[in-house]
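For reference, the structure is listed below as structure tokens.
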Amino acid sequence: MKQIALIGPTASGKSALAIDLATQNNAYILSLDSLSIYKEIDIASAKPSAEELSQVKHFGVNLIEPNVEFSVGVFIKEYLRIQELCLHENKNLVIVGGSSFYLRTLVQGLSPIPEFSDETVTKVQELLLDLKTAYKTLYEVDAEYMQGIQESDTYRIRKMLLIYVHTGLGPTQYFKENPPVPVIKDIPIYEIDVKRDYLRKRITLRTQKMLEMGLIDEVCYLEQKYTRAPNALKAIGIIEVFEYLDAKVTKDEMKELIITHTAQLAKRQQTFNRNQFPSRELLSIEAIYEKANAFFKKTKN
């Protein structure tokens, strides 16, 4: 199995390029998109269309309902499952998406997390009833690590509490004794190089298309079915519609907010990619197309 990673800011043209490369190189596609994993969030996630999904077998798309939590650990398990499938079916793999945190975890690895006993889980649930005290307890054990966690971050506080109660070790010491193990080694990473002005135009056009496709109706449906509580419904493209539905902004203001917030996200994605993947190749879509095709052909078994 040969594999490449294709990253870049939102609306830069990754999905179409991935489909072209996968079609020509006997490959499946694994999505790195943090919203496309959810069923029913179709327009807001700019998920590939049904036609595009039918062209190439996609993974990491439509996996779970919006009210189900999804973690990077679950993503790694999904990757390992797909890797085994590709090896069994003699397929290559194109990993693509804007949520590069998942890719970083595949490349750098995660520290192994122990299986927690029922007793540990119960004790932690009791401690979390007083979140402020639970945070303070961890802070006293490992102030340096906990400085990077908000007092309101229930998910991460719970995770650190489980480790502490189960092992008696603070986060820093635990992760030092249990270093991460990379899942993927030596994978070519290509990032789409796109000018900011051009990207802004693409974001504007995509936002208009999403509205024409029924973004507001989709968000209304999701709210009715799942309420506004799930984290998945706090994403860009959804929270702005909620503001419009609450009469806090006009429809035109809602559209401009989606465009602005998406452009800000794109900038953060580019910064993250630059800092986390210094060896990536920053190229135009055309150059990536040629280079990736050459890679698959050169290394074909």
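The values are calculated or read from the model by the stated rules, or taken from the named source; none is laboratory data. Quick caveat: nothing in here was measured; it's all calculated off a predicted structure. All Cβ positions, glycine included, derive from the backbone under ideal geometry; neighbour counts span all protein chains shown.
Things worth noting here:
- Some residue of segment 46-67 being buried (at least 20 other Cβ atoms within 10 Å of the Cβ), out of contact with any Pro (no Cβ under 9 Å at 6 or more places or on another chain) and either under 20 Å from residue 156 (Cβ atoms) or not small (Gly, Ala, Ser) (or both): yes
- The lone exception for residue 151 - which of (1) more than 15 Å from residue 163 (Cβ to Cβ); (2) modelled with pLDDT of 95 or more; (3) not β-branched (Val, Ile, Thr) it fails: (2)
- Selection over segment 269-301 of residues that are assigned to a helix (DSSP H, G or I) and of a type outside the set (Asp, Glu) gives a count of 20.
- Any hit, segment 232-243, residues being in a helix (DSSP H, G or I), under 18 Å from residue 189 (Cβ atoms) and within 20 Å of the chain's Cα centre (by Cα): no
- Residue in segment 174-186 that is within 30 Å of residue 297 (Cβ to Cβ) and in contact with a strand residue (DSSP E or B) (Cβ under 6 Å, 6 or more places away or on another chain) present: no
- Among residues of segment 51-64 that are assigned by TED's automatic domain parsing to the domain that holds residue 93 and on the phi > 0 side of the Ramachandran plot, those with a beta-carbon under 6 Å from a residue that is crowded, with 17+ Cβ neighbours inside 10 Å and among the polar types (S, T, N, Q) at least six positions away or on a different chain give the pairs 60/31.
Here's the yes/no breakdown for (1) without any contact (Cβ under 8 Å) to a residue 40 or more places away in the chain; (2) touching a His at 6+ places or on another chain (Cβ under 7 Å); (3) in the same structural domain as residue 241 (by TED's automatic domain parsing); (4) among the polar types (S, T, N, Q):
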{"position": "48", "(1), (2), (3), (4)": "yes, yes, yes, no"}
{"position": "71", "(1), (2), (3), (4)": "yes, no, yes, yes"}
{"position": "84", "(1), (2), (3), (4)": "yes, no, yes, no"}
{"position": "90", "(1), (2), (3), (4)": "no, no, yes, yes"}
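- Across segment 263-281, the number of residues qualifying as in contact (Cβ under 8 Å) with a residue 12 or more places away in the chain and either more than 11 Å from residue 9 (Cβ to Cβ) or within 15 Å of the chain's Cα centre (by Cα) (or both) comes to 11.
- Filter result for the condition that a residue is crowded, with 18+ Cβ neighbours inside 10 Å and more than 19 Å from residue 44 (Cβ to Cβ), over 198, 174: 174
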